[in-house]
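Asks: Mind having a look at this structure? Questions to follow.
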Amino acid sequence: MSALVLDGKALATQTEAELSQRVANLKAANHGRAPILATILVGADPASATYVKMKQNACKRIGMQSIAVDLSEQTSTEQLLSSINELNNNPDCHGILLQHPVPPQIDERACFDAIAAEKDVDGVTCLGFGRMAMGEPAYGSATPQGIMRILEAYKIELSGKHAVVVGRSPILGKPMALMLLNANATVTICHSKTQNLPDLIKQADIVVGAVGRPEFIKAEWIKDGATVVDAGYHPGGVGDIELAPLTETAAAYTPVPGGVGPMTINTLILQSVMAAEKKLGQ
Ligand code: NAP
(Lines give C-alpha, C1' and ligand atoms only; values in the text may rest on other atoms or scores of the structure.)
Protein backbone atom coordinates (compact mmCIF):
# COMPACT_ATOMS: atom_id res chain seq x y z
CA MET A 1 0.00 0.00 0.00
CA SER A 2 1.21 3.49 -0.76
CA ALA A 3 2.34 5.61 2.19
CA LEU A 4 0.36 8.66 3.23
CA VAL A 5 2.06 11.83 1.95
CA LEU A 6 2.44 14.43 4.71
CA ASP A 7 1.95 17.36 2.38
CA GLY A 8 3.58 20.36 4.04
CA LYS A 9 3.07 22.57 1.01
CA ALA A 10 -0.70 22.05 1.00
CA LEU A 11 -0.95 22.57 4.76
CA ALA A 12 1.14 25.75 4.54
CA THR A 13 -1.04 27.11 1.72
CA GLN A 14 -4.20 26.36 3.69
CA THR A 15 -2.78 28.05 6.80
CA GLU A 16 -1.77 31.11 4.79
CA ALA A 17 -5.43 31.70 3.91
CA GLU A 18 -6.30 31.76 7.65
CA LEU A 19 -3.28 33.94 8.44
CA SER A 20 -4.26 36.49 5.78
CA GLN A 21 -7.57 36.96 7.60
CA ARG A 22 -5.82 37.33 10.97
CA VAL A 23 -3.46 39.94 9.49
CA ALA A 24 -6.43 41.82 8.00
CA ASN A 25 -8.02 41.86 11.50
CA LEU A 26 -4.77 43.18 12.99
CA LYS A 27 -4.57 45.94 10.39
CA ALA A 28 -8.17 46.92 11.02
CA ALA A 29 -7.45 47.20 14.75
CA ASN A 30 -4.19 49.09 14.27
CA HIS A 31 -4.97 52.07 11.97
CA GLY A 32 -4.19 50.01 8.86
CA ARG A 33 -0.69 49.13 10.04
CA ALA A 34 0.44 45.61 9.20
CA PRO A 35 2.46 43.42 11.56
CA ILE A 36 6.18 43.46 10.77
CA LEU A 37 8.81 40.70 10.75
CA ALA A 38 12.42 41.90 10.67
CA THR A 39 14.84 39.64 8.80
CA ILE A 40 18.58 39.87 9.43
CA LEU A 41 20.94 38.42 6.85
CA VAL A 42 24.67 38.57 7.54
CA GLY A 43 26.97 37.98 4.57
CA ALA A 44 26.30 36.87 1.02
CA ASP A 45 25.70 33.11 1.27
CA PRO A 46 23.33 32.47 -1.67
CA ALA A 47 21.34 29.72 0.10
CA SER A 48 20.75 31.97 3.15
CA ALA A 49 19.79 34.88 0.88
CA THR A 50 17.26 32.61 -0.86
CA TYR A 51 15.76 31.44 2.46
CA VAL A 52 15.40 35.04 3.67
CA LYS A 53 13.76 36.04 0.38
CA MET A 54 11.30 33.13 0.70
CA LYS A 55 10.43 34.25 4.25
CA GLN A 56 9.89 37.86 3.11
CA ASN A 57 7.68 36.63 0.25
CA ALA A 58 5.61 34.55 2.68
CA CYS A 59 5.07 37.70 4.79
CA LYS A 60 3.93 39.56 1.68
CA ARG A 61 1.48 36.81 0.69
CA ILE A 62 -0.41 37.14 3.98
CA GLY A 63 -0.31 40.96 4.04
CA MET A 64 2.49 41.33 6.60
CA GLN A 65 5.42 43.66 6.10
CA SER A 66 9.07 42.87 6.56
CA ILE A 67 12.08 45.01 7.42
CA ALA A 68 15.21 43.68 5.69
CA VAL A 69 18.47 44.19 7.58
CA ASP A 70 21.37 43.11 5.35
CA LEU A 71 24.81 43.19 6.96
CA SER A 72 28.24 42.61 5.45
CA GLU A 73 30.28 39.41 5.76
CA GLN A 74 32.72 41.33 8.04
CA THR A 75 30.07 42.24 10.64
CA SER A 76 31.25 41.82 14.24
CA THR A 77 29.27 40.35 17.13
CA GLU A 78 28.95 43.87 18.62
CA GLN A 79 27.56 45.30 15.38
CA LEU A 80 25.03 42.49 15.05
CA LEU A 81 24.01 42.84 18.71
CA SER A 82 23.46 46.54 18.13
CA SER A 83 21.14 45.83 15.14
CA ILE A 84 19.20 43.30 17.21
CA ASN A 85 18.82 45.78 20.08
CA GLU A 86 17.52 48.41 17.70
CA LEU A 87 14.84 45.99 16.50
CA ASN A 88 14.05 44.94 20.07
CA ASN A 89 13.35 48.60 20.83
CA ASN A 90 11.33 49.24 17.66
CA PRO A 91 7.65 49.10 18.70
CA ASP A 92 6.55 48.50 15.09
CA CYS A 93 8.60 45.31 14.79
CA HIS A 94 6.78 42.22 16.11
CA GLY A 95 9.24 39.45 15.27
CA ILE A 96 12.94 39.05 14.52
CA LEU A 97 14.51 36.40 12.31
CA LEU A 98 18.30 36.09 12.41
CA GLN A 99 19.17 33.80 9.50
CA HIS A 100 21.42 30.88 10.52
CA PRO A 101 24.32 30.39 9.97
CA VAL A 102 26.19 33.66 10.54
CA PRO A 103 29.89 34.11 9.56
CA PRO A 104 32.35 32.39 11.91
CA GLN A 105 33.70 35.53 13.65
CA ILE A 106 30.23 36.13 15.14
CA ASP A 107 29.09 34.63 18.44
CA GLU A 108 25.81 33.27 17.05
CA ARG A 109 24.52 32.05 20.41
CA ALA A 110 25.02 35.48 22.02
CA CYS A 111 23.18 37.11 19.12
CA PHE A 112 20.29 34.64 19.16
CA ASP A 113 19.94 35.16 22.91
CA ALA A 114 19.86 38.94 22.50
CA ILE A 115 16.52 38.66 20.69
CA ALA A 116 13.70 39.77 23.03
CA ALA A 117 11.61 36.74 24.09
CA GLU A 118 8.37 38.30 22.81
CA LYS A 119 9.99 38.79 19.36
CA ASP A 120 11.68 35.36 19.19
CA VAL A 121 9.25 34.10 16.55
CA ASP A 122 11.85 31.73 15.05
CA GLY A 123 12.30 30.07 18.46
CA VAL A 124 16.09 30.36 18.72
CA THR A 125 16.74 31.74 22.21
CA CYS A 126 17.87 29.63 25.18
CA LEU A 127 15.00 31.13 27.15
CA GLY A 128 12.43 30.05 24.56
CA PHE A 129 14.02 26.59 24.34
CA GLY A 130 13.93 26.20 28.12
CA ARG A 131 10.32 27.30 28.35
CA MET A 132 9.32 24.98 25.51
CA ALA A 133 11.21 22.10 27.15
CA MET A 134 9.33 22.72 30.41
CA GLY A 135 6.01 22.81 28.61
CA GLU A 136 5.59 26.55 29.25
CA PRO A 137 4.30 28.92 26.53
CA ALA A 138 7.04 29.77 24.01
CA TYR A 139 7.50 30.10 20.28
CA GLY A 140 8.98 26.78 19.17
CA SER A 141 12.02 26.54 16.95
CA ALA A 142 10.43 26.92 13.51
CA THR A 143 11.53 23.69 11.81
CA PRO A 144 10.66 21.22 14.61
CA GLN A 145 7.52 23.20 15.46
CA GLY A 146 6.52 22.96 11.79
CA ILE A 147 7.10 19.21 11.94
CA MET A 148 4.91 18.92 15.05
CA ARG A 149 2.18 20.89 13.28
CA ILE A 150 2.24 18.58 10.26
CA LEU A 151 2.17 15.45 12.46
CA GLU A 152 -0.79 16.91 14.33
CA ALA A 153 -2.64 17.93 11.16
CA TYR A 154 -2.36 14.39 9.80
CA LYS A 155 -3.26 12.92 13.22
CA ILE A 156 -0.09 10.86 13.52
CA GLU A 157 -0.23 9.10 16.89
CA LEU A 158 2.78 10.05 19.03
CA SER A 159 1.83 9.04 22.55
CA GLY A 160 3.68 5.90 23.60
CA LYS A 161 5.41 5.60 20.20
CA HIS A 162 9.16 5.30 19.82
CA ALA A 163 10.58 8.32 18.00
CA VAL A 164 14.19 8.27 16.82
CA VAL A 165 15.63 11.71 16.00
CA VAL A 166 18.87 11.66 14.05
CA GLY A 167 20.66 14.98 14.72
CA ARG A 168 20.93 17.14 17.83
CA SER A 169 21.50 20.67 16.57
CA PRO A 170 20.19 23.55 18.72
CA ILE A 171 17.60 24.64 16.14
CA LEU A 172 16.45 21.26 14.94
CA GLY A 173 17.32 17.89 16.48
CA LYS A 174 17.39 18.91 20.14
CA PRO A 175 14.13 20.89 20.23
CA MET A 176 12.53 18.22 18.01
CA ALA A 177 13.34 15.53 20.57
CA LEU A 178 11.87 17.58 23.42
CA MET A 179 8.71 18.43 21.50
CA LEU A 180 8.18 14.72 20.77
CA LEU A 181 8.88 13.91 24.42
CA ASN A 182 6.32 16.53 25.51
CA ALA A 183 3.86 14.79 23.18
CA ASN A 184 4.49 11.58 25.18
CA ALA A 185 6.65 9.79 22.63
CA THR A 186 9.56 7.69 23.89
CA VAL A 187 12.52 9.43 22.32
CA THR A 188 15.98 8.32 21.24
CA ILE A 189 18.37 11.06 20.08
CA CYS A 190 21.19 10.01 17.72
CA HIS A 191 24.25 11.99 16.64
CA SER A 192 27.68 11.58 15.08
CA LYS A 193 29.02 9.50 18.00
CA THR A 194 26.03 7.16 18.15
CA GLN A 195 26.89 3.49 17.75
CA ASN A 196 24.72 0.99 15.87
CA LEU A 197 22.62 3.72 14.24
CA PRO A 198 20.79 1.34 11.85
CA ASP A 199 19.74 -0.89 14.79
CA LEU A 200 18.32 2.08 16.69
CA ILE A 201 16.48 3.42 13.66
CA LYS A 202 15.02 -0.05 13.04
CA GLN A 203 13.14 0.27 16.37
CA ALA A 204 11.48 3.55 15.43
CA ASP A 205 7.77 4.11 14.91
CA ILE A 206 8.69 7.67 13.91
CA VAL A 207 12.03 8.60 12.32
CA VAL A 208 13.18 12.21 12.00
CA GLY A 209 16.19 12.78 9.73
CA ALA A 210 18.06 16.00 10.62
CA VAL A 211 21.63 15.09 9.72
CA GLY A 212 22.58 17.41 6.87
CA ARG A 213 23.93 14.63 4.61
CA PRO A 214 22.12 13.60 1.42
CA GLU A 215 20.21 10.30 1.76
CA PHE A 216 22.40 9.34 4.72
CA ILE A 217 19.60 7.36 6.39
CA LYS A 218 18.94 4.27 4.30
CA ALA A 219 15.43 3.00 3.54
CA GLU A 220 16.40 -0.52 4.67
CA TRP A 221 17.11 0.79 8.21
CA ILE A 222 13.47 1.84 8.61
CA LYS A 223 10.82 -0.70 9.59
CA ASP A 224 7.66 -1.13 7.54
CA GLY A 225 4.80 1.04 8.76
CA ALA A 226 6.95 3.76 10.32
CA THR A 227 6.27 7.48 9.91
CA VAL A 228 9.21 9.16 8.19
CA VAL A 229 10.04 12.85 8.56
CA ASP A 230 12.87 14.22 6.43
CA ALA A 231 14.11 17.70 7.41
CA GLY A 232 16.96 17.70 4.90
CA TYR A 233 17.12 19.40 1.54
CA HIS A 234 20.05 19.05 -0.82
CA PRO A 235 20.86 19.86 -4.45
CA GLY A 236 19.11 17.37 -6.69
CA GLY A 237 15.98 17.53 -4.55
CA VAL A 238 16.91 14.82 -2.05
CA GLY A 239 16.72 14.95 1.72
CA ASP A 240 18.63 13.27 4.55
CA ILE A 241 16.66 10.01 4.11
CA GLU A 242 16.55 7.64 1.14
CA LEU A 243 12.85 8.23 0.55
CA ALA A 244 12.05 6.56 -2.78
CA PRO A 245 11.62 2.96 -1.51
CA LEU A 246 9.72 4.21 1.55
CA THR A 247 6.83 5.59 -0.50
CA GLU A 248 5.56 1.97 -0.53
CA THR A 249 6.68 0.61 2.85
CA ALA A 250 6.22 3.52 5.30
CA ALA A 251 2.89 4.47 6.88
CA ALA A 252 3.49 8.14 6.10
CA TYR A 253 6.34 10.39 4.97
CA THR A 254 7.19 14.03 4.31
CA PRO A 255 8.18 14.51 0.65
CA VAL A 256 11.31 16.41 -0.37
CA PRO A 257 10.65 19.07 -1.48
CA GLY A 258 7.19 20.04 -0.24
CA GLY A 259 7.24 18.52 3.25
CA VAL A 260 9.17 20.12 6.10
CA GLY A 261 10.54 23.16 4.21
CA PRO A 262 7.21 24.97 3.59
CA MET A 263 6.11 24.24 7.18
CA THR A 264 9.25 25.90 8.57
CA ILE A 265 8.48 29.17 6.80
CA ASN A 266 4.80 28.83 7.61
CA THR A 267 5.57 28.39 11.31
CA LEU A 268 7.74 31.50 11.29
CA ILE A 269 4.94 33.64 9.85
CA LEU A 270 2.31 31.99 12.08
CA GLN A 271 4.38 32.80 15.16
CA SER A 272 4.93 36.37 13.87
CA VAL A 273 1.17 36.84 13.60
CA MET A 274 0.76 35.37 17.10
CA ALA A 275 3.37 37.83 18.45
CA ALA A 276 1.56 40.77 16.83
CA GLU A 277 -1.80 39.57 18.18
CA LYS A 278 -0.31 39.28 21.66
CA LYS A 279 1.15 42.79 21.49
CA LEU A 280 -2.15 44.26 20.34
CA GLY A 281 -4.09 42.25 22.91
CA GLN A 282 -6.10 40.25 20.38
P1 NAP B 1 23.69 20.51 11.78
O2 NAP B 1 23.71 21.67 12.72
O3 NAP B 1 24.83 20.30 10.85
O4 NAP B 1 23.50 19.19 12.65
C5 NAP B 1 23.60 17.92 12.09
C6 NAP B 1 23.41 16.88 13.14
O7 NAP B 1 23.58 15.60 12.54
C8 NAP B 1 24.42 16.99 14.29
O9 NAP B 1 23.76 16.86 15.52
C10 NAP B 1 25.38 15.82 14.03
O11 NAP B 1 25.87 15.21 15.20
C12 NAP B 1 24.45 14.84 13.33
N13 NAP B 1 25.25 13.92 12.52
C14 NAP B 1 26.25 14.23 11.65
N15 NAP B 1 26.79 13.11 11.15
C16 NAP B 1 26.13 12.07 11.71
C17 NAP B 1 26.25 10.67 11.61
N18 NAP B 1 27.18 10.10 10.84
N19 NAP B 1 25.42 9.89 12.32
C20 NAP B 1 24.48 10.45 13.12
N21 NAP B 1 24.32 11.79 13.27
C22 NAP B 1 25.15 12.59 12.57
O23 NAP B 1 22.40 20.55 10.86
P24 NAP B 1 20.93 21.15 11.14
O25 NAP B 1 20.97 22.63 11.04
O26 NAP B 1 20.31 20.51 12.31
O27 NAP B 1 20.20 20.61 9.82
C28 NAP B 1 19.98 19.24 9.59
C29 NAP B 1 19.29 19.06 8.25
O30 NAP B 1 18.06 19.75 8.24
C31 NAP B 1 20.07 19.60 7.07
O32 NAP B 1 19.86 18.74 5.96
C33 NAP B 1 19.46 20.96 6.82
O34 NAP B 1 19.56 21.36 5.47
C35 NAP B 1 18.04 20.69 7.18
N36 NAP B 1 17.31 21.88 7.63
C37 NAP B 1 16.13 22.14 7.03
C38 NAP B 1 15.39 23.23 7.41
C39 NAP B 1 14.10 23.48 6.72
O40 NAP B 1 13.55 24.55 6.86
N41 NAP B 1 13.59 22.52 5.98
C42 NAP B 1 15.84 24.07 8.42
C43 NAP B 1 17.03 23.77 9.07
C44 NAP B 1 17.76 22.66 8.65
P45 NAP B 1 26.90 15.95 16.21
O46 NAP B 1 26.04 16.84 17.06
O47 NAP B 1 27.51 14.84 16.98
O48 NAP B 1 27.87 16.70 15.36
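Asks: Return the residues of the stretch 115-141 that are free of Cβ contacts under 8 Å to residues at least 40 places away in the same chain and in contact with a strand residue (DSSP E or B) (Cβ under 9 Å, 6 or more places away or on another chain); say none if nothing qualifies. First the steps, then the outcome.
Replies: Just the residues of the stretch 115-141 that are free of Cβ contacts under 8 Å to residues at least 40 places away in the same chain, to begin with: 115-117, 120, 125-128, 130-131, 134, 136-138, 141.
Result: Ile115, Ala116, Asp120.
Asks: When the residues of the stretch 67-95 are filtered to those that are closer than 17 Å to Glu118 by Cα and small (Gly, Ala, Ser), which remaining residue is farthest from the chain's Cα centre (by Cα)?
Replies: In this case the residue turns out to be Ser83.
Asks: Only one residue in Arg149, Arg131, Arg109 is closer than 30 Å to Glu73 by Cβ and either at pLDDT 95 or above or surrounded by 21 or more Cβ atoms within 10 Å (Cβ to Cβ) (or both), so which one is that?
Replies: Values: Arg149 fails: closer than 30 Å to Glu73 by Cβ; Arg131 fails: closer than 30 Å to Glu73 by Cβ.
From the options Arg149, Arg131, Arg109, the qualifying one is Arg109.
Asks: Also, quick follow-up: If I filter the stretch 9-27 for residues that are touching a Leu at 6+ places or on another chain (Cβ under 8 Å) and closer than 20 Å to Arg109 by Cα, do I get at least one hit?
Replies: To start, the set of residues in the stretch 9-27 that are touching a Leu at 6+ places or on another chain (Cβ under 8 Å) comprises 15, 19, 26.
Now restrict to residues that are closer than 20 Å to Arg109 by Cα: none.
No: zero hits.
Asks: Residue check: is Val187 part of a strand (DSSP E or B) and farther than 27 Å from Gly237 by Cβ? So that I can check it myself, show each step before the final result.
Replies: On the way: part of a strand (DSSP E or B): yes; farther than 27 Å from Gly237 by Cβ: yes.
Spelling it out, Val187 is indeed part of a strand (DSSP E or B) and farther than 27 Å from Gly237 by Cβ.
Asks: Can you find, within the stretch 183-200, the residue that is nearest to Lys155 (Cα to Cα) among those that are near the ligand (Cβ under 10 Å from one of its atoms) and among the β-branched types (Val, Ile, Thr)?
Replies: Ile189
Asks: What pairs come out if I take residues in the stretch 170-199 that are at positive phi and pair them with residues that are in a loop (DSSP other than H, G, I, E, B) and of a type outside the set (Phe, Trp, Tyr) whose C-beta lies under 6 Å away, six or more apart or interchain?
Replies: That search, which allows pairs on different chains as well, returns Asn184/Ser159.
Asks: Could you count how many residues in the stretch 195-222 are surrounded by fewer than 15 Cβ atoms within 10 Å (Cβ to Cβ) and over 24 Å from Gly236 (Cβ atoms)?
Replies: Result for the stretch 195-222: 4.
Asks: Need a quick list: helices (runs of 4 or more DSSP H) entirely within the stretch 1-111 having at least 3 residues that are within 25 Å of Val260 (Cα to Cα).
Replies: On the way: elements: 8-29, 46-61, 77-88.
In the stretch 1-111, 8-29, 46-61 are the helices (runs of 4 or more DSSP H) which contain 3 or more residues that are within 25 Å of Val260 (Cα to Cα).
Asks: Moving on. Where residues in the stretch 124-163 are of a type in the set (Ser, Thr, Tyr) and touching a helix residue (DSSP H, G or I) at 6+ places or on another chain (Cβ under 6 Å), which of them is nearest to the ligand (Cβ to nearest atom)?
Replies: Initially, the stretch 124-163 is screened for residues of a type in the set (Ser, Thr, Tyr), giving 125, 139, 141, 143, 154, 159.
Next, from what is left, pick out any that are touching a helix residue (DSSP H, G or I) at 6+ places or on another chain (Cβ under 6 Å): 125, 139, 141, 143.
Details: Thr125: 16, Tyr139: 15, Ser141: 9, Thr143: 4 Å.
Out of the qualifying residues, it is Thr143.
Asks: Let me ask something else. Go through the stretch 164-175 and give me each residue that's hydrophobic (A, V, I, L, M, F, W, C) and more than 9 Å from the ligand (Cβ to nearest atom). Steps first, please.
Replies: Within the stretch 164-175, the subset hydrophobic (A, V, I, L, M, F, W, C) is 164-166, 171-172.
Val164, Val165, listed by residue number.
Asks: Considering only the stretch 227-249, I want to know if a residue exists there that is in contact with a Ser or Thr (Cβ under 6 Å, 6 or more places away or on another chain), away from the ligand (no atom under 15 Å from the Cβ) and modelled with pLDDT of 95 or more.
Replies: no
Asks: Within the stretch 200-212, is even one residue free of Cβ contacts under 8 Å to residues at least 24 places away in the same chain and within 20 Å of the chain's Cα centre (by Cα)? Spell out how you get there, then give the answer.
Replies: Of the stretch 200-212, the ones free of Cβ contacts under 8 Å to residues at least 24 places away in the same chain are 202.
Narrowing the set further to residues that are within 20 Å of the chain's Cα centre (by Cα) leaves none.
Scanning the stretch 200-212, I find no residue that is free of Cβ contacts under 8 Å to residues at least 24 places away in the same chain and within 20 Å of the chain's Cα centre (by Cα), so the answer is no.
Asks: Something else: Checking the condition under 26 Å from Leu280 (Cα atoms), in contact with a helix residue (DSSP H, G or I) (Cβ under 7 Å, 6 or more places away or on another chain) and surrounded by 13 or more Cβ atoms within 10 Å (Cβ to Cβ), which residue from Asn88, Asn30, Asn25 passes? Before you say what the answer is, go through the steps one by one.
Replies: Numbers: Asn30 fails: in contact with a helix residue (DSSP H, G or I) (Cβ under 7 Å, 6 or more places away or on another chain); Asn25 fails: in contact with a helix residue (DSSP H, G or I) (Cβ under 7 Å, 6 or more places away or on another chain).
Matching residue, one of Asn88, Asn30, Asn25: Asn88.
Asks: Then there's this: Suppose the filter is within 12 Å of the ligand (Cβ to nearest atom), of a type in the set (Val, Ile, Thr), out of contact with any Phe, Trp or Tyr (no Cβ under 6 Å at 6 or more places or on another chain) and under 30 Å from Ala34 (Cα atoms); does Thr254 pass it?
Replies: Details: within 12 Å of the ligand (Cβ to nearest atom): yes; of a type in the set (Val, Ile, Thr): yes; out of contact with any Phe, Trp or Tyr (no Cβ under 6 Å at 6 or more places or on another chain): yes; under 30 Å from Ala34 (Cα atoms): no.
The answer is no for Thr254.
Asks: Here's something else I'd like to know. Surrounded by fewer than 18 Cβ atoms within 10 Å (Cβ to Cβ), on the phi < 0 side of the Ramachandran plot and among the small types (Gly, Ala, Ser): which single residue out of Ala226, Ala252, Ala244, Ala275 fits that description?
Replies: Values: Ala226 fails: surrounded by fewer than 18 Cβ atoms within 10 Å (Cβ to Cβ); Ala252 fails: surrounded by fewer than 18 Cβ atoms within 10 Å (Cβ to Cβ); Ala275 fails: surrounded by fewer than 18 Cβ atoms within 10 Å (Cβ to Cβ).
That would be Ala244, the only listed residue that is surrounded by fewer than 18 Cβ atoms within 10 Å (Cβ to Cβ), on the phi < 0 side of the Ramachandran plot and among the small types (Gly, Ala, Ser).
The values are calculated or read from the model by the stated rules, or taken from the named source; none is laboratory data. As the structure is a prediction and not an experimental result, all values here were calculated from the model. Backbone-built Cβ (ideal geometry, glycine too); neighbour counts: all protein chains shown.
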